[in-house]
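Trainee: Handing you a structure now.
The values are calculated or read from the model by the stated rules, or taken from the named source; none is laboratory data. The model shown is predicted, which means the values in this text are computed figures rather than measured ones. Positions of Cβ are backbone-derived with ideal geometry, glycine not excepted, and every protein chain shown enters the neighbour counts.
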Amino acid sequence: MKITDIKVITVEDDDRLKAFVTVEFEKYLVIRDFKVIRGERGNFVAMPSKRMKDGSFKDLVYAANPDARKYIEESVLEEYEAVLGGGHSHVA
């Protein structure tokens, strides 16, 4: 499934959390709460997750394979950078 829209909401005043992101796949599926996180080696995309009773996190959504993960992460980070630059990339 191709990504057809990405909405980025940037977060101010947080050193690690940089944005919340909603991703739409071909007008059929919308997934909210991806996160852009600043890590030691740069920004990365965290999948939507839920905090468990023991304090750990479990992904609610995850990519089925490494290529899908790469596609999602690259698309989200590209859109995040476009928003930071004052523009909006055309995803579809």
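Trainee: Just to verify a result, which residue in segment 48-58, among those that are of a type outside the set (A, V, I, L, M) and part of a loop (DSSP other than H, G, I, E, B), is surrounded by the most Cβ atoms within 10 Å (Cβ to Cβ)? If you could, list the steps in order and put the result at the bottom.
Mentor: First pass over segment 48-58, keeping only residues of a type outside the set (A, V, I, L, M): 48-51, 53-58.
Next, only the ones that are part of a loop (DSSP other than H, G, I, E, B) stay: 48, 53-56.
On the way: Pro48: 17, Lys53: 5, Asp54: 5, Gly55: 6, Ser56: 9.
Filtering segment 48-58 for residues that are of a type outside the set (A, V, I, L, M) and part of a loop (DSSP other than H, G, I, E, B), the one surrounded by the most Cβ atoms within 10 Å (Cβ to Cβ) comes out as Pro48.
Trainee: Taking Glu79 as the residue in question, decide whether it is out of contact with any Leu (no Cβ under 8 Å at 6 or more places or on another chain), surrounded by 10 or more Cβ atoms within 10 Å (Cβ to Cβ) and of a type outside the set (Lys, Arg).
Mentor: Criteria met by Glu79.
Trainee: When you scan segment 55-69, how many residues do you find that are out of contact with any Ser or Thr (no Cβ under 8 Å at 6 or more places or on another chain) and either without any contact (Cβ under 8 Å) to a residue 12 or more places away in the chain or among the polar types (S, T, N, Q) (or both)?
Mentor: 8
Trainee: Going by the conditions given, is Lys2 without any contact (Cβ under 8 Å) to a residue 60 or more places away in the chain and not aromatic (Phe, Trp, Tyr)?
Mentor: The answer is no for Lys2.
Trainee: Residues of segment 29-39 being of a type in the set (Lys, Arg) and either assigned to a loop (DSSP other than H, G, I, E, B) or under 15 Å from Val61 (Cα atoms) (or both), which ones?
Mentor: Arg32, Lys35
Trainee: Which residue pairs have Cβ atoms under 7 Å apart, sit 6 or more places apart or on different chains, and have a first residue in segment 9-28 that is at negative phi and assigned to a strand (DSSP E or B) and a second that is surrounded by 16 or more Cβ atoms within 10 Å (Cβ to Cβ) and of a type in the set (Gly, Ala, Ser)?
Mentor: Ile9/Ala19; Thr10/Ala19
Trainee: Which residue, of Val61, Val45, is outside any loop (DSSP other than H, G, I, E, B) and either modelled with pLDDT under 95 or within 14 Å of the chain's Cα centre (by Cα) (or both)?
Mentor: Answer to the check: Val45.
Trainee: May I ask you to list the residues in segment 64-76 that are of a type in the set (A, V, I, L, M, F, W, C), more than 15 Å from Thr22 (Cβ to Cβ) and not in a loop (DSSP other than H, G, I, E, B)?
Mentor: Scanning segment 64-76 gives a single hit, Ala68.
Trainee: In addition: Before we move on, is Tyr71 aromatic (Phe, Trp, Tyr), farther than 16 Å from Val11 by Cα, surrounded by 15 or more Cβ atoms within 10 Å (Cβ to Cβ) and at pLDDT 95 or above?
Mentor: So Tyr71 passes the test.
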